[in-house]
Amino acid sequence: MGERPNRAIVAGLVCLVALAVGVGVGMLRRPQLPPEGVVESGTDVTSATAADGATSGLIEVHVAGAVVSPGVVVVGEGAIVADAIAAAGGMVPGALVSAINLAAPVSGGQQVVVPGASDTATGVALDVVTGTGVLSLSTATPADLETLPGVGPVLAERIVDFREENGPFETVEDLLEVPGIGEAKLASIRDLVVP
């Protein structure tokens, strides 16, 4: 009589083990999809290719500058700059977060440059989208500002004076408060400066 409960327990355990093995095998066979928006750096994009040869919504973005692991990262379509930076290991200490737009969308083949402290020492910041140099209104010298179209020594000095009186520029549109800068002048330099 004592053997029957033991056989029932053994049979129950065998069933549980078989179920656990079945679930484990099923999980191993299921394709692992990348998390929404972010894929680890170094992911093989070809492994994420569907049976018909089309990629499953992944794009490659080159992340450079003040990040832990600069290089090409793979992110999901619809990703933003913050996702690409996260896939590159995040920012290093001294990265200038305020100089980039973390919410800007990224596209395949784009380069995202995260500027470090040394990149703005001369008043030049790096544009996160193009990787090209742009002037930082909050740190540029009068000589730097004179390189902008239509900005001579007098206007450059007014920009610096405004900054000294009112603190760092918060937006590029703050230039409209500088005497001598109107909508037309702002439009001609808008893409060449950051706050």
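Just so you know, all these numbers are worked out from the coordinates, no wet-lab data involved. In this text the structure is predicted, and so the values were computed from the model without any measurement. Glycine also receives a Cβ, built like all others from the backbone with ideal geometry; neighbour counts cover every protein chain displayed.
Exposure proxy for Arg163, Arg190: other Cβ atoms within 10 Å of each Cβ, ordered fewest to most, give Arg190, Arg163.
Here the gap between Ser107 and His62, fully extended at 0.36 nm per residue and compared with their Cα-Cα distance, gives a gain of 15.2 nm. Using the Cβ-Cβ distance between Ser188 and Val92 with R0 set to 41 Å, the FRET efficiency from 1/(1 + (r/R0)^6) comes to roughly 0.70.
Once each part is reduced to its C-alpha centroid, what is the distance from the range 85-106 to the range 137-195 in angstrom? With the range 85-106 and the range 137-195 each reduced to a Cα centre, they are spaced 25 Å.
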